[in-house]
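The values are calculated or read from the model by the stated rules, or taken from the named source; none is laboratory data. The structure displayed is predicted, hence computed values, not measured ones. Positions of Cβ are generated from backbone atoms using ideal geometry, with glycine treated the same way; all protein chains shown enter the neighbour counts. All accessible areas refer to the heavy atoms of the entire protein, side chains included, with ligands and DNA or RNA removed. Shrake-Rupley method; radii C 1.70, N 1.55, O 1.52, S 1.80 Å.
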Amino acid sequence: MSDPLRLGIAGLGTVGAGVVKIVRQKAAMLETRSGRRIEVVAVSARNRDKDRGVSLTQYAWEDDPVTLATRDDVDIYIELMGGSDGPAKASVEAALKAGKDVVTANKALLAHHGQALAELAEANGAVLRFEAAVAGGIPCIKALTEGLAGNDITRVMGVMNGTCNYILTRMEATGQGYNALFDEADKLGFLEADPNLDVGGIDAGHKLALLSSIAFGTQVDFDAVELEGIQRVSTDDIRQAADMGYRIKLLGVARMTGRGLEQSMAPCLVPANSALGQLEGGTNMVVIEGDQVGQIVLRGAGAGEGPTASAVMGDVMDIARGLRMTTFGQPAATLEKSVPAQAAVAAPYYLRMGLVDKPGALAKVATALGEAGISINRMRQYDHVNESAPVLIVTHKTTRAALDDALARMSTTGVISDTPVALRIEQV
């Protein structure tokens, strides 16, 4: 029997405690499946005395995660602290420089420093794994790097923030507005300490950038992800989308086009009868399309103790079995710098705006669209609210650049009473 595989865990929140529980409660099963005994030897966290629902007295304690990462008796350093810089970055770098394997759930760290960390891992013969950083318990990283390695990936998309999906589906189910459901999600503990990471699309954007790198063989480029949160989605938008057979989701989409790599995380309309359209509550879904397999749909819990700790242990088990894989599925030196492309693929768009009560107002909007080369598929005008009339327009396929041109033209007409809401209609 091989020597035991020894873990050092930094960050003992929900996920860290979950990893400790799995290692202790399933020790025999893990050893049978991997061929090695797996044990925790040392831990680190901000608060040594906090009750985490699991005893830690038998493990060595390090106040400094960098010290933990470089201990001689640690084979795998598990980083679960979070944050793109600070102790998380310093400790991961220290572990990799020491030639130690690293498993992390830190999407922000990898979205901002993934390329440099991948190069550092390879230079020191170490492995850097991050299944838990994307979509919780869904094994989408493994699917891309292993199961679909024989495919040219044509598109990756998904709902990757459970909080946003919870708010949007609750808006539809209850008829309550965004603000009320934001407060509800906050009371339930669904929101990050900085809520904009969730509702602003940043958290999900980090995840999309990582999937894009693997899918298209490019260096991680989070700065190129077009981000738009769900704050401006109204119950009227949700109701009108439903009338047309759609539901609104915070949807990440990445695809390689003739103009470059398109990466967007924004509210979109998707067919209500599609797998994405039927996704409820806090569940996540990742959809991968390859030239050989067609469409693969992965659905499951995107967060929480069990699902995320499960993903961490999946990486640990691969290392225990001797699987030595590059961080993004190919050598870091071969990852190309992508050329960002803003929504280059044409699609229909949903527009909602308020028009002032003036003769010819609607004609001016139609003219602005026409001058930008955009044709109207359907249009509805509703009864006036105060001095403004809500108008809903669905366009034929157009590019985002043309739509932005049209919106800029509309802003000079003097007939728009508020900033228009523009949502892409994604065919899935």
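In Å², what does the accessible area per residue of the chain work out to with a 1.4 Å probe? Don't skip to the end; give the middle numbers.
Numbers: 17500 Å² over 428 residues.
Result: 41 Å² of accessible area for each residue.
How high is the relative contact order of the chain, in percent, with contacts defined as C-alpha pairs under 8 Å that are six or more residues apart? Write out the running numbers ahead of the final one.
Working: 923 pairs, mean separation 68.1, N = 428.
Relative contact order, the chain: 16 percent.
Would you give the gap between the C-alpha center of the stretch 149-175 and the C-alpha center of the stretch 338-414, rounded to a whole Å?
One Cα centre to the other: 26 Å.
Scan around SER338 for amide H atoms under 5 Å from its own, H built in the peptide plane at 1.01 Å from N, and keep only partners 5 or more places away or cross-chain.
Correct list: GLN219.
Can you give the net charge of the other residues whose Cβ lies under 11 Å from the Cβ of VAL345, counting K and R as +1 and D and E as -1?
+4
Over the stretch 91-154, what relative contact order in percent results from Cα pairs under 8 Å that are six or more residues apart?
It comes to 33 percent, rounded to a whole number.
Among 279-292, 351-364, 252-265, how do they line up from the highest to the lowest mean number of other beta-carbon atoms within 10 Å? Intermediate values should be presented prior to the final figure.
Working: 279-292: 19.1, 351-364: 16.3, 252-265: 20.9.
In decreasing order of mean packing, 279-292, 351-364, 252-265 become 252-265, 279-292, 351-364.
Give me the accessible area of TYR382, 1.4 Å probe, in Å² rounded to the nearest 10.
Here the accessible area works out near 80 Å².
Rounded to the nearest 500 deg cm²/dmol, what is the calculated helix-only ellipticity per residue at 222 nm for the chain, with -39500 (n - 2.57) per DSSP H run of length n ≥ 4?
Value at 222 nm, helices only, nearest 500: -10000 deg cm²/dmol.
Provide the net charge surrounding ALA309, with neighbours chosen by a C-beta distance below 13 Å and charges set as Lys +1, Arg +1, Asp -1, Glu -1. Could the numbers behind the result be given before it?
Values: positive: LYS21, ARG24, LYS26, ARG52; negative: GLU131, GLU305, ASP315.
Residues near ALA309 contribute +1 overall.
Helix 400-410 against the longest principal axis of the chain: what's the angle in degrees, Cα atoms only, rounded to the nearest 10?
Roughly 40 degrees, rounded to the nearest 10.
Roughly how tilted is helix 178-187, in degrees to the nearest 10 and between 0 and 90, from the longest Cα axis of the chain?
On a 0 to 90 degree scale, this one is about 20.
List the relative contact order of the stretch 110-251 as a percent without decimals, with contacts defined as Cα pairs under 8 Å and 6+ residues apart. Please report the intermediate quantities before stating the final value.
Numbers: 136 pairs, mean separation 44.0, N = 142.
Taking the mean separation of contacting Cα pairs over the length of the stretch 110-251, I get 31 percent.
Just add up the charged neighbours of ILE288: K/R +1, D/E -1, any other residue whose Cβ is under 13 Å from the Cβ of ILE288.
Result for the neighbourhood of ILE288: 0.
At a 1.4 Å probe, what is the % contribution of carbon and sulfur to the accessible area of the chain?
47 percent
If you compute semi-axes √(5λ) of the Cα gyration tensor in Å for the structure shown, which of [x] 42, 22, 22; [y] 32, 25, 20; [z] 45, 23, 18 do you land on?
[z]
Residue by residue through the stretch 208-216, which ³J(HN,Hα) values in whole Hz follow from phi under the Karplus form 6.51 cos²θ - 1.76 cosθ + 1.60 (θ = phi - 60°), with glycine and proline marked x?
4, 4, 5, 5, 4, 4, 5, 5, 10
Over 28 Å between Cα atoms, which of LYS107/LYS397; LYS21/LYS249; LYS21/LYS107; LYS50/LYS97 qualify?
LYS107/LYS397; LYS21/LYS249; LYS50/LYS97
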